[in-house]
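To keep things clear, I will list the structure first and then write my remarks on it.
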């Protein structure tokens, strides 16, 4: 005859099973809820007008028509207070709002993210409003990243623990706020995250290269990270993920061709095919300012304070450094990835001395998973798995 203790044990066992079986559906519901909240509460960042203009320019090359279409849609679809900020907050924004040629001069910088522009154009052509069409790629990439994050975490952690940690990360302000932006940054983040997943967990070189190339089409500067990882995989013969000379040349060739294809396409808008030089010449919020070396170093000084107190980049670098110290006696692929991300953050800062969390959302996701791989023994109920 069953005892009271055995009955309680059975109830507890059923309760635990119910939690385990419902945890993943609840996480997906939570992820979709966060995505819908981000979609309903966009930030309407300053880049939105230029991306809207690029989308319209795929159908019409008249600068006056592009300008009138963009600002009419923005005035109709963006809250009045935010529209005023986008058109009057600075002298440059005021010029763009009143002079079609000034708006057109800004487009080449944004055109170097063709995957985002074409995806936005697709949503616009199927009937979604112009402003919301610029947001949808970010929302979709956010949801895909959240799903991949959970799938990857479950390879190392107990289901409930993995879900709790993933839910915390996807609702973290730097991550969710990137999803609320009309920028290619979450697309870029997802492609980088997926490329590292296929490299570490599946050992699939073709899919790793494919997602690196997609990341370049989302943000041209991702060619730095992709190229650096490929060189590391070639030079370090002790890594299980190492590649031979033929694979290296093919991967580098793909990145180079992708980069030049993008910059050649941008040249139709009047910029030099060498993106970085053209970008540096235009790097200023004041259209009347000549961007000299003095202005460059002054900008670095001004943005350092913002970087340390308004972004999570210092925390990111600290966690990277601590993880490197943990593995200092054994240099596995995780260490090289971390060192590469740290290097790119520093290199990119000196190339482009403006920092925002959105630029490094992909790195935040990657570091999260590298920490799980390297610190999994500190978690309770961790699955036994060898880190490659």
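Values in this text are rule-based calculations from the coordinates and carry no lab data. Computed from a predicted structure; not experimentally measured. A quick note on method: Cβ atoms are made from the backbone with ideal geometry, for glycine too, and the neighbour counts reach across all protein chains shown.
Which residue, 72, 97, 53, tops the fluctuation ranking in a GNM of the chain built on C-alpha contacts under 10 Å?
Residue with maximal mean-square fluctuation among 72, 97, 53: 72.
At a 10 Å Cβ-Cβ cut-off, how would you order 253, 197, fewest neighbours first? Before the final figure, lay out each step's value.
On the way: 253 10, 197 22.
In order of increasing Cβ crowding within 10 Å: 253, 197.
Go through [x] 1.02; [y] 1.44; [z] 0.97 and flag the label whose value is the computed Rg/Rh (Cα atoms, Kirkwood Rh) for this structure.
The listed entry that was calculated here is [x].
If I fit a long axis through the Cα atoms of helix 333-351 and take the longest principal axis of the Cα atoms of the chain, what angle between them do I get, 0 to 90°, rounded to 10?
20
State, as an integer percentage, the relative contact order of segment 137-378 based on alpha-carbon contacts under 8 Å between residues 6 or more apart.
Relative contact order for segment 137-378 comes out at 24 percent.
Can you sort 223, 55 from fewest to most other Cβ atoms within 10 Å of each residue's own Cβ? Spell out each step's value before the answer.
Working: 223 19, 55 25.
Ranking 223, 55 by Cβ neighbours within 10 Å, fewest first, gives 223, 55.
Is segment 151-205 rounded, prolate or oblate when judged by the Cα gyration tensor, a ≥ b ≥ c being the square roots of its eigenvalues, rounded requiring a/c under 1.5 and prolate requiring a/b larger than b/c?
On the way: a/c = 4.41, a/b = 1.15, b/c = 3.82.
In terms of gyration-tensor shape, oblate.
Working from Cα positions, state the angle (0 to 90°, nearest 10) between the long axis of helix 136-153 and the longest principal axis of the chain.
For 136-153 against the chain, the angle is about 20 degrees.
Exposure proxy check: 322, 136 ranked by fewest other beta carbons within 10 Å?
Values: 322 13, 136 17.
In order of increasing Cβ crowding within 10 Å: 322, 136.
Can you tell me, using C-alpha contacts under 8 Å and at least 6 residues apart, the relative contact order of segment 48-134 as a whole percent?
Once normalised by length, the contact order is 41 percent.
Given the rule -39500 (n - 2.57) for each run of at least 4 DSSP H residues, summed and divided by the residues of the chain, what is its mean residue ellipticity at 222 nm, to the nearest 500 deg cm²/dmol? Let's see the in-between values first.
Values: 20 runs with 281 residues, N = 388.
Taking each H run of at least 4 residues, the total per residue is -23500 deg cm²/dmol.
For segment 48-134, taking Cα atoms only, what is the radius of gyration to one decimal and the Dmax to the nearest whole Å?
In order Rg, Dmax, the Cα atoms of segment 48-134 give 12.1, 35 Å.
Measure nothing fancy, just the Cα-based angle from helix 222-235's long axis to the longest principal axis of the chain, in degrees from 0 to 90, nearest 10.
Value to nearest ten degrees: 50.
By its C-alpha gyration tensor, with a ≥ b ≥ c as the square roots of the eigenvalues, how is segment 311-373 shaped: rounded for a/c under 1.5, else prolate for a/b larger than b/c, else oblate?
prolate
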